[in-house]
1. Probe radius 1.4 Å, ligands and nucleic acids ignored: give me the carbon and sulfur share of the accessible area of the chain as a rounded percent.
2. Only helical DSSP H runs with n ≥ 4 go in: add -39500 (n - 2.57) per run for the chain, normalise by residue count and round the 222 nm mean residue ellipticity to 500 deg cm²/dmol.
3. Using the Cα centre as the reference, give the magnitude of the dipole from point charges on the C-beta atoms of region 131-188 (Lys, Arg: +1; Asp, Glu: -1; all else neutral), rounded to the nearest 20 debye.
4. Helix by helix through the chain, keep the DSSP H runs that span 24 Å or more along the axis on Cα and average at least -0.5 on Kyte-Doolittle, and give those back in order.
5. Positive end of the dipole of the chain, charges at C-beta (+1 Lys, Arg; -1 Asp, Glu), about the Cα centre: which of GLN33, ILE186, VAL170 has its Cα farthest in that direction?
6. Contact order normalised by length for region 51-164, with contacts defined as Cα pairs under 8 Å and 6 or more residues apart; what percent is it?
7. Mind checking region 140-215 for trypsin sites (Lys or Arg not before Pro) that DSSP puts in a loop (not H, G, I, E or B) and that have at most 14 other Cβ atoms within 10 Å?
8. In Å², and per residue, what accessible area does region 26-130 have when probed at 1.4 Å with the other protein chains present?
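The values are calculated or read from the model by the stated rules, or taken from the named source; none is laboratory data. Everything numeric here is computed off the predicted structure, so don't read it as measured data. Positions of Cβ are generated from backbone atoms using ideal geometry, with glycine treated the same way; all protein chains shown enter the neighbour counts. Surface accessibility is based on the protein's heavy atoms, side chains included, excluding ligands, DNA and RNA. Shrake-Rupley method; radii C 1.70, N 1.55, O 1.52, S 1.80 Å.
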Amino acid sequence: MDPWASPALEAPLNEPTYLRVKRAIIGDLVSGQFVPGTHLTIEALTSRYAVSHMPIREALRQLEGEGILISLAHRGFRIEAITEEYIRNIYDIRVGIESMLAHRAVERATDAEVATLRRLHEDLSVLIRSGKPMVASRENIVFHKRIYEIAKNPEAELILEGRTRVVRTVADSLGGYTPDVYDAVIAEHEKMILAFEAHDPTAVGEAVFDHVTAARDRLLARISERGAFSAKP
């Protein structure tokens, strides 16, 4: 299996190598190439992915911080399981914080900021349908981050970023957006934008809750199709 050959690893030429390595490790875990308990060393991963030690070290450091790897003193790392429970827990964190941030953002948003969100949504909708899932995935992050920024709660953003990177990486390793979800994702985003345009904090909180919950269910369904974990961990 060539970890760089997957369409899921479509990326701009200037993307840091450690991010590609990180995505490849998660992809190997989801696909069953690595299983929970696997012992990983920098030397073995350097050989597997044909890159230098530095990006391997950074990828492993990030995955350790996200709870996917456990450091073994002077002996590399051990892979922990990406279970259904783990993913559900991360999405519970995400839905709570994102709903709150969206609620606060509506309270603070100027007309110009709402217009910017509308433009970002329209541009993202085009990208989602473009057949370039990784590009659309990155722009989706930009769209959501713009909402967070309007809320002006950097502490909440920091918590959110630290606990959701791994599920984004899992989704990317599975190929990102697929044609069967284009319309649903765009409609969910549209519901959020309409709530911003109506300056309705309650409606936007509900829209974000529905969107994040649907994103969780879509990801769990795709992982289940791969047989990566059973219904109960």
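1. 55
2. -23000 deg cm²/dmol
3. Numbers: 8 positive and 9 negative charges, 40 e Å.
With only Lys, Arg, Asp and Glu charged at Cβ, the dipole is about 200 debye.
4. Result, helices passing both filters: 84-108, 111-128, 133-151, 154-173, 201-225.
5. Most positive-ward Cα: GLN33.
6. Value for region 51-164: 29 percent.
7. Answer by residue number: LYS152.
8. On a per-residue basis, region 26-130 sits at 49 Å².
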